[in-house]
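Chemist: One structure is given below, represented as structure tokens, and several questions about it will come after.
The values are calculated or read from the model by the stated rules, or taken from the named source; none is laboratory data. Owing to the predicted nature of the structure, the values given are computational and were not obtained by experimental measurement. Quick reminder, even Gly has a Cβ in these numbers, built from the backbone with ideal geometry, and neighbours come from all protein chains shown. We work out accessible area using only protein heavy atoms, side chains counted, and drop any ligands, DNA or RNA first. Shrake-Rupley method; radii C 1.70, N 1.55, O 1.52, S 1.80 Å.
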Amino acid sequence: MTGKLFDSELKVMDVLWRGGDKTAKQISETLKREIGWNVNTTYTVIKKCVDKGAIQRLEPHFLCHALVSKQDVQRAEADALVGKLFGGAPDKLFAALLGGRKLPQEQVEALRRMVDQLEVEEGI
């Protein structure tokens, strides 16, 4: 994929991530119902996603297939955010997200499991 996906493009991608391959018409109908987009807007945004390599257009019926996963896009966006605002330090992002908030015990335990898993993967 080339380039960053913008908010409008992420809306199209989300339809595919939630429901798998869809025709452009089905995507258009979904986005009209959910956010009020018209057909031309949806088709323009789909074309931008195709041009960026995020969507593959298949025939018949202009079937759209996501070429990038939601997890890959989330990871890239998170990396860009950490690099841009936190000098590449994920711990600073984490501290900013918490911002003195008290987390429920189950969320603290989930975070501990994530850190434990990272330590296992990194051999720490």
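Chemist: Of all accessible surface on the chain at a 1.4 Å probe, what whole percent is carbon and sulfur?
Modeler: 55
Chemist: May I pose another question? Over segment 1-65, with a single point scatterer placed on each C-alpha, what log10 of the ratio I(q)/I(0) does the Debye formula yield at q = 0.13, 0.16, 0.19, 0.26 1/Å?
Modeler: The calculated log intensity ratios at q = 0.13, 0.16, 0.19, 0.26 Å⁻¹ are -0.28, -0.43, -0.62, -1.20.
Chemist: Relative to the compact-globule scaling 2.2 N^0.38 Å, provide the ratio for the alpha-carbon radius of gyration of segment 39-105.
Modeler: Taking N as the residue count of segment 39-105, the ratio is 1.66.
Chemist: Quick check on my link table: of Lys52/Lys84; Lys11/Lys92; Lys11/Lys84, which ones sit more than 27 Å apart, alpha carbon to alpha carbon?
Modeler: In this structure, Lys11/Lys92 lie more than 27 Å apart at Cα.
Chemist: Roughly how far apart, in whole Å, are the Cα centres of segment 26-66 and segment 85-103?
Modeler: Going from one Cα centre to the other spans 35 Å.
Chemist: I'd like to check one number: the per residue accessible area of the chain, probe 1.4 Å, reported in Å² as a whole number.
Modeler: Accessible surface, normalised per residue, equals 70 Å².
Chemist: Provide the net charge surrounding Phe6, with neighbours chosen by a C-beta distance below 12 Å and charges set as Lys +1, Arg +1, Asp -1, Glu -1.
Modeler: Around Phe6, the charge tally is +1.
Chemist: Starting from the Cα-Cα distance between Asp51 and Leu111, subtract it from 0.36 nm times their residue separation and give me the gain in nm to one decimal.
Modeler: 17.8 nm
Chemist: If you line up the long axis of helix 70-85 against the longest principal axis of the chain, both from Cα atoms, how many degrees apart are they, to the nearest 10?
Modeler: 60
Chemist: Going by a ≥ b ≥ c, the root eigenvalues of the Cα gyration tensor, does segment 71-124 fall in the rounded group (a/c under 1.5), the prolate group (a/b larger than b/c) or the oblate group?
Modeler: Oblate.
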